[in-house]
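The following block contains the structure, expressed as structure tokens.
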Amino acid sequence: MTNDVQVEAPQAPPDATPTFAMLRTLGGISLISGLLVVLAYQFTLPIIAENQRVRTEQAVFRVIPGAVSKRDFVLTDAGLVPAGEGVQGELIYAAYDADDRLKGIAITGVGNGYAGPVTVLFNYDPACQCIVGSKILQMTETPGFGDKMETDPEFLKNLKALDAKLNADGTALINPIVTVKNGSKTHPWQIDAISGATLSSNAMGKAANTAAQRAAPTIQRDLAKLTAANHTGQD
Amino acid sequence: MAELPKHQEDLSLDTFVRGLWKENPVFVMLLGMCPTLAVSNSAINAISMGLATTFVLAGSGALISWLRNWIPKQVRIASYIVIIATFVTIVDYAIQAISLDLYAALGAFIQLIVVNCIILGRAEAYASQQRLVPTLVNSLGIGAGFTIALFALGSVREILGSGTLFGLHLFGAGFQPWVVMVLPPGGFFVLGAWLLLFNWIKQRGERRADAPTGVPANAR
């Protein structure tokens, strides 16, 4: 900057903008903004809710093969409560086949992986007290490493018969589900980690453990509600 | 940054076209790098992000241009940001209504359109001074330029990094994906390669224009 600039002829002071004009403009723009946002929200709300319903249903039917219908229940301290009765809480999805027999129960669990949370939907079989299938709902793991959890057939075998038996009190798992180092799985409640994706595999183990620890005791206690809901009384 | 237009611009083909090439927001102005690098890991993400940004550009540009004589300059930044945020919220809901998978793939970068400097830059440099129709046309041109640039990155990264384009497998089972291309560093590599190419073409064109007749244009 040179001195010429500083000794330049004094400029006339800028016209004062009336306070009202500023308030009117910001107020008016906020009003327009509010109207547009509320309109967009109201218009898209039913479409988004339907999208979410379809997405959950597809995920449940994929993790529980052979299922054609499902009923949602909320996990509460007092037991299972059918969803939609105003009770808030974690949802589980009981899935039924064409003859209305209980095919499996989809439960969700979250574990922290390498790049963030991994959310997984598990197929819990109440008869064998084990996890018999899984589907990752959301993850941000590294492509080529963490996403092997969805594709590696050896790893997926872990989740075909993963032991989740309850203790004598029915309050927790006898053996918590854990991920062990690649190649060292010796018990049915262990998950053999993918070599090179240990942290992602750990996340899967944590997700399975939290899901089963939280949902299995309530499901076993209230199993009658899930099977009785279809009027056959047995599955 | 492009030179500020000082007078009312007449609508011409150039109003639209210069956003594609001469004032391309990514390859020439290097604006909006955050979504450019972050969501160009697949062609569909890139195009969706480009279209979402174009909608916000056009919508906010039109409203700002329409209201330009009522916005005192003391409150202009606040006004522009509220207007931009409004259109971003609309786009956010629209994408959720179109596809939840797409919404999950784009993640926080939809909301981050609010602070995309292409949009605020256009509002300040163009929409606040020009009439409605030229603003709309110019915004669409800039948006198209942004979308094309994102697609240029997204398609290359998806082909090299996943061996697919729009999710369709291009190569046989023997193809080993170059995974780093869909990871953040790949964004920088591909952007760098495109910038190299564009600047080379531009410089070659300038040399050809400057070269005296009779001398081969590409003589070094």
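Does segment B:50-73 hold any residues that are part of a helix (DSSP H, G or I) and free of Cβ contacts under 8 Å to residues at least 40 places away in the same chain, and which are they?
Matches in segment B:50-73: B:Gly59, B:Leu63, B:Asn69, B:Trp70, B:Lys73.
Please go through (1) facing chain B (nearest Cβ under 8 Å); (2) over 17 Å from the mean Cα position of the chain (by Cα); (3) of a type outside the set (A, V, I, L, M, F, W, C) for A:Gly66 and return the number of the only condition it doesn't satisfy.
Single failed check for A:Gly66: (1).
Here is a check on your reading of the model: is A:Ala78 modelled with pLDDT of 90 or more and more than 14 Å from every other protein chain (Cβ to nearest Cβ)?
Answer is no for this residue.
State all residues of segment B:16-70 that are under 30 Å from A:Gly28 (Cα atoms) and more than 13 Å from the chain's Cα centre (by Cα); if no residue qualifies, say none.
B:Gly59, B:Ser60, B:Gly61, B:Ala62, B:Leu63, B:Ile64, B:Ser65, B:Trp66, B:Leu67, B:Arg68, B:Asn69, B:Trp70
Hey, A:Pro176 hits all of (1) surrounded by fewer than 18 Cβ atoms within 10 Å (Cβ to Cβ); (2) touching a strand residue (DSSP E or B) at 6+ places or on another chain (Cβ under 7 Å); (3) of a type outside the set (Gly, Ala, Ser); (4) farther than 12 Å from A:Ser201 by Cα but one; which does it fall short on?
Result: A:Pro176 fails condition (2) only.
Among the residues of segment A:23-52 satisfying the criterion of being β-branched (Val, Ile, Thr) and more than 7 Å from every other protein chain (Cβ to nearest Cβ), which is surrounded by the most Cβ atoms within 10 Å (Cβ to Cβ)?
A:Ile32
Next question. Please state which one of B:Leu140, B:Leu112 is touching a Cys at 6+ places or on another chain (Cβ under 9 Å) and at pLDDT 90 or above.
Details: B:Leu140 fails: touching a Cys at 6+ places or on another chain (Cβ under 9 Å).
None of the other options fit; the residue is B:Leu112.
Something else: Within segment B:172-187, can you find the residues that are modelled with pLDDT of 85 or more and loosely packed, with under 12 Cβ neighbours inside 10 Å?
Once the filter is applied, which keeps residues that are modelled with pLDDT of 85 or more and loosely packed, with under 12 Cβ neighbours inside 10 Å, segment B:172-187 yields B:Pro184, B:Pro185.
Another one. So if I check each of B:Gly121, B:Gly107, B:Gly167, which one is crowded, with 17+ Cβ neighbours inside 10 Å and either under 19 Å from B:Cys34 (Cα atoms) or touching a residue at least 40 places away in the same chain (Cβ under 8 Å) (or both)?
Of B:Gly121, B:Gly107, B:Gly167, the one residue that is crowded, with 17+ Cβ neighbours inside 10 Å and either under 19 Å from B:Cys34 (Cα atoms) or touching a residue at least 40 places away in the same chain (Cβ under 8 Å) (or both) is B:Gly121.
Next question. Any idea which residue in segment A:76-95 is surrounded by the most Cβ atoms within 10 Å (Cβ to Cβ), counting only those that are in contact with a helix residue (DSSP H, G or I) (Cβ under 9 Å, 6 or more places away or on another chain) and within 18 Å of A:Arg53 (Cβ to Cβ)?
A:Ala94
Scan segment B:19-31 and give yes if some residue there is assigned to a helix (DSSP H, G or I) and either aromatic (Phe, Trp, Tyr) or buried (at least 21 other Cβ atoms within 10 Å of the Cβ) (or both), otherwise no.
No: zero hits.
What is the residue count in segment A:138-159 for residues that are in contact with a strand residue (DSSP E or B) (Cβ under 6 Å, 6 or more places away or on another chain) and surrounded by fewer than 18 Cβ atoms within 10 Å (Cβ to Cβ)?
Summing the residues that are in contact with a strand residue (DSSP E or B) (Cβ under 6 Å, 6 or more places away or on another chain) and surrounded by fewer than 18 Cβ atoms within 10 Å (Cβ to Cβ) in segment A:138-159 gives 2.
Filter segment A:115-124 for residues that are crowded, with 18+ Cβ neighbours inside 10 Å and of a type outside the set (S, T, N, Q); which is farthest from A:Lys206 (Cα to Cα)?
Looking at the filtered set, the residue picked out is A:Tyr124.
I'd like the full set of residues that are of a type in the set (Val, Ile, Thr) and either surrounded by fewer than 22 Cβ atoms within 10 Å (Cβ to Cβ) or at the interface with chain A (Cβ under 9 Å from one of its Cβ atoms) (or both), limited to segment B:55-73.
First, the residues of segment B:55-73 that are of a type in the set (Val, Ile, Thr): B:56, B:64, B:71.
Once the filter is applied, which keeps residues that are of a type in the set (Val, Ile, Thr) and either surrounded by fewer than 22 Cβ atoms within 10 Å (Cβ to Cβ) or at the interface with chain A (Cβ under 9 Å from one of its Cβ atoms) (or both), segment B:55-73 yields only B:Ile71.
Same structure again: Does segment A:183-194 contain at least one residue that is touching a Lys or Arg at 6+ places or on another chain (Cβ under 9 Å), at negative phi and small (Gly, Ala, Ser)?
Yes: segment A:183-194 contains one or more residues that are touching a Lys or Arg at 6+ places or on another chain (Cβ under 9 Å), at negative phi and small (Gly, Ala, Ser).
Identify all residues within segment B:128-170 that are within 14 Å of chain A (Cβ to nearest Cβ) and closer than 22 Å to B:Ala58 by Cα; write none if there are none.
Result: B:Ser128, single match.
Taking helices (runs of 4 or more DSSP H) that do not extend beyond segment B:74-124, which have at least 1 residues that are within 8 Å of chain A (Cβ to nearest Cβ) and within 19 Å of the chain's Cα centre (by Cα)?
Working: elements: B:76-98, B:100-106, B:117-122.
Per the criteria, B:76-98.
Would you confirm, using the coordinates I've provided, whether B:Thr53 is within 17 Å of B:Phe151 (Cα to Cα) and β-branched (Val, Ile, Thr)?
The answer is yes for B:Thr53.
Can you name every residue in segment B:125-145 that is part of a helix (DSSP H, G or I), surrounded by fewer than 19 Cβ atoms within 10 Å (Cβ to Cβ) and more than 18 Å from the chain's Cα centre (by Cα)?
B:Leu132, B:Val133
A:Val60: exposed (fewer than 12 other Cβ atoms within 10 Å of the Cβ), more than 8 Å from every other protein chain (Cβ to nearest Cβ) and at pLDDT 90 or above, yes or no?
no
The values are calculated or read from the model by the stated rules, or taken from the named source; none is laboratory data. Note that the coordinates shown come from a computational prediction; the quantities given were computed from them, not determined experimentally. Positions of Cβ are backbone-derived with ideal geometry, glycine not excepted, and every protein chain shown enters the neighbour counts.
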